[in-house]
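The values are calculated or read from the model by the stated rules, or taken from the named source; none is laboratory data. Predicted, not measured: the structure shown is a model, and the values here were computed from it. Positions of Cβ are backbone-derived with ideal geometry, glycine not excepted, and every protein chain shown enters the neighbour counts.
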């Protein structure tokens, strides 16, 4: 059906509805906020909440709170947060917006979580992420020592140790990530296949 053949009121309502949906999608954020990470990552949240990153926006005064150069490092996600309460340097500032990788079924699989937006912070990626604010172009006069800085915000070592084989917290039933991903991708095809 062509729009020209619709009654004017219906056509107007249809166009208004499409525009409202488009505007909502444009304002939608991929952020979930640090509180949502806390549900599964309580210890990491505790460490973060006691760190200077959790209070980075508090260091900004007056006009600095409006200056995009200051906000880029002290509260990067605040402007794009939408309805989610985000301030300072939160989980998603470094790990990426969690809206799509947050579900447990995704988070249990490293490859899948990266496909859904979790930032890979291994090796040089961690350095690049940190140096985007702590590099030589910032106003700090103190030289940045990546290794020392990472040790101060270490919220991953205990969790990684718990995932090692033989650790008391490791589930003997947990599949390896690549096996989980393969099973998830193959399952729909197997359901439709006929057995001889």
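Put simply, of 91, 73 the only residue that is over 14 Å from the mean Cα position of the chain (by Cα) and touching a residue at least 40 places away in the same chain (Cβ under 8 Å) is 73. If the condition is being surrounded by 15 or more Cβ atoms within 10 Å (Cβ to Cβ), within 16 Å of the chain's Cα centre (by Cα), outside any loop (DSSP other than H, G, I, E, B) and at pLDDT below 90, then segment 111-128 contributes only 126.
In segment 129-136 there is at least one residue matching the filter, namely being modelled with pLDDT under 85 and exposed (fewer than 15 other Cβ atoms within 10 Å of the Cβ). Of all residues in segment 49-61, exactly one satisfies the criterion of being more than 9 Å from residue 89 (Cα to Cα), touching a helix residue (DSSP H, G or I) at 6+ places or on another chain (Cβ under 8 Å) and in contact (Cβ under 8 Å) with a residue 24 or more places away in the chain, namely 51.
When restricted to residues that are crowded, with 17+ Cβ neighbours inside 10 Å and assigned to a loop (DSSP other than H, G, I, E, B), segment 85-110 contains 12.
If the Cβ limit is 9 Å and pairs must be 6+ apart or interchain, which residue in segment 111-123 that is over 18 Å from residue 93 (Cα atoms) pairs with which residue that is exposed (fewer than 14 other Cβ atoms within 10 Å of the Cβ) and at pLDDT below 95? Going by the 9 Å Cβ cut-off, the qualifying pairs are 111/178; 112/105; 112/184.
Within segment 154-168, identify whether any single residue is at pLDDT below 70 and surrounded by 10 or more Cβ atoms within 10 Å (Cβ to Cβ), and answer yes or no. The answer is yes; a qualifying residue exists.
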